[in-house]
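Working notes, structure below.
The values are calculated or read from the model by the stated rules, or taken from the named source; none is laboratory data. If you're wondering where the values come from, they're calculated on a predicted model, not measured in any experiment. Ideal geometry is used to build each Cβ from the backbone, glycine not excepted, and the neighbour counts take in all protein chains shown. When the accessible area is computed, the model is the full protein with side chains, heavy atoms only, and any ligands, DNA or RNA have been set aside. Shrake-Rupley method; radii C 1.70, N 1.55, O 1.52, S 1.80 Å.
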There are 2 protein chains.
Amino acid sequence: MKKKLFVFCMVSLLITGVSKAQDDLNPNHLPMELTTFETISLQQPDLNSGDALMTAMSKRKSDRDFQTGNLSLKHLSEILWAAYGSNREDGKKTAPSALALYPLNVYAILENGIYLYDAGNHVLIPVIEGDHRELAGGFPAAKTAPLHLVFMADYSNYQNTGNDMIDGFLKVPQTRVRFASLDAGHCTQNVYLYCATEGIKTVVRGSVEAGFMELLGLGENHEFIVAQTIGY
Amino acid sequence: MKKKLFVFCMVSLLITGVSKAQDDLNPNHLPMELTTFETISLQQPDLNSGDALMTAMSKRKSDRDFQTGNLSLKHLSEILWAAYGSNREDGKKTAPSALALYPLNVYAILENGIYLYDAGNHVLIPVIEGDHRELAGGFPAAKTAPLHLVFMADYSNYQNTGNDMIDGFLKVPQTRVRFASLDAGHCTQNVYLYCATEGIKTVVRGSVEAGFMELLGLGENHEFIVAQTIGY
């Protein structure tokens, strides 16, 4: 009997060991290695994953003590999809947009450069190479966090709706920034909830360094809306 | 054998019938009867309920074809909690607020009056009696939908942060409407996701009738941010 118990314990330990080793090798859990600055093909989201919605809401909070390690490709992929991904065949998104005009461009700032999210193809397109997180971060732990999302409004979408009254309405600076900010708030809340269920840290921030705007070189029709810092 | 099968079928039908009858009597599923205009004590949310988060995001969408029937108290209660409820003992919320200043007041427009949500006590406080949904709705089916949430900013929260630089920053009209709109977008996205998992219809709207603002009689420090219509 004692021998049987011993064998059982050894087998259990072995299985636990193998399982732990497999977990470490699971590419879903490995931090990304950003050795080259090129288009990043994002993984399709696992639509069955995450806590029950109400549990996710009960756990939602802001965190500011980020570690420096990169996110896994799975986490990066699902964060982008949650933020501004397409959830229907007609291209409509996980977050709504006022008048369905979708004025936002979502930039992902990683350690090796600035990328633009292309929701239709679910990829990150390289824009400016180099580590520019100092310009996107706000406080020390944010400057070295692995991911910043920056939501920029492009108001050229707001100027040709085909309805003069709506075009006029959308020329009022306070209206257009209200609409773009409402859009962005929907996006960043999705990321908050995703982070809450995955044990990832995140916080939204109302400003970036002026140099960041200059670096992107965007014209007068563009306005910074909000940034969101994410990491383990 | 045939007799056994017959008995089995009859018992199954009886059980199904009893179960259906119990379901109909379940107060969680009954529409509210708003016979008196008084404080509504909301139910505590079921924090284990809802689809997996990623499923909820995959189902999120806007609907505009509302039926007229009232929501159940359970749905009303969980919608308010999702929108702007407290999820921690220190009073912090299901949705973040820029600089933790919480400028929003959330009004619930029901068929018998306008209520203000008190998140601390999780109750709806009666404000103005009467059916004012015509002023809160935008299109015919919205004017008779059972619930409108209206998010109003009260900028008096923005004037005494104790930091002159921040106070100055928050006096800029475009900054303060951006911050209040980001806050509100977080709230309305939670409601979108809740509705997606509960099979409830919802849409956000960027304006209400001018008469609605006059009815509330709010001063110059207040600004309309967004409305959200909800129903079966």
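See the values below:
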| item | result |
| --- | --- |
| Selection from A:195, A:55, A:224 lying farthest towards where the dipole of chain A points positive, charges on Cβ | A:55 |
| Angle between chain B longest axis and helix B:173-198 axis [Cα atoms, degrees, rounded to 10] | 0 degrees |
| Estimated FRET transfer efficiency (residue B:118, residue A:129; beta-carbon r; R0 35 Å; 0.05) | 0.10 |
| In Å², nearest 10: area of residue A:64 left accessible to a 1.4 Å probe | 140 Å² |
| Relative contact order %, chain A, counting alpha carbon pairs below 8 Å whose residues are six or more apart | 25 percent |
| Cα long-axis angle, helix B:73-84 against chain B (0 to 90 degrees, to the nearest 10) | 30 degrees |
| Additional length obtainable on full extension of the chain from residue A:37 to residue A:172, 0.36 nm per residue less Cα span | 44.7 nm |
| Contact order normalised by residue count of the range B:84-193, Cα under 8 Å, 6+ apart, percent | 28 percent |
| In Å², nearest 10: area of residue B:171 left accessible to a 1.4 Å probe | 140 Å² |
| In Å, descending, principal axis extents of the Cα set of the range A:49-190 | 50, 38, 28 |
| Listed residues B:164, A:183 arranged by accessible area, highest first, probe 1.4 Å | B:164, A:183 |
| Value of Rg/Rh across the range B:35-111 [Cα atoms, Kirkwood radius] | 0.98 |
| Overall form of the protein assembly as shown per C-alpha gyration tensor (a/c, 1.5; a/b vs b/c) | oblate |
| Helix B:2-25 axis, angle to chain B major axis (alpha carbon atoms, nearest 10°) | 20 degrees |
| Inter-part distance where the range A:102-125 and the range B:75-151 are each reduced to a Cα centre, Å | 34 Å |
| As computed over the range A:129-232, the Cα convex hull volume per residue (Å³) | 113 Å³ |
| Computed [θ] at 222 nm, deg cm²/dmol, the protein assembly as shown (DSSP H ≥ 4; -39,500 (n - 2.57); rounded to nearest 500) | -12000 deg cm²/dmol |
| Förster-model FRET efficiency, 22 Å R0, residue A:90 and residue B:100, C-beta, rounded to 0.05 | 0.05 |
| Probe 1.4 Å - accessible area at residue A:107, Å² to nearest ten | 20 Å² |
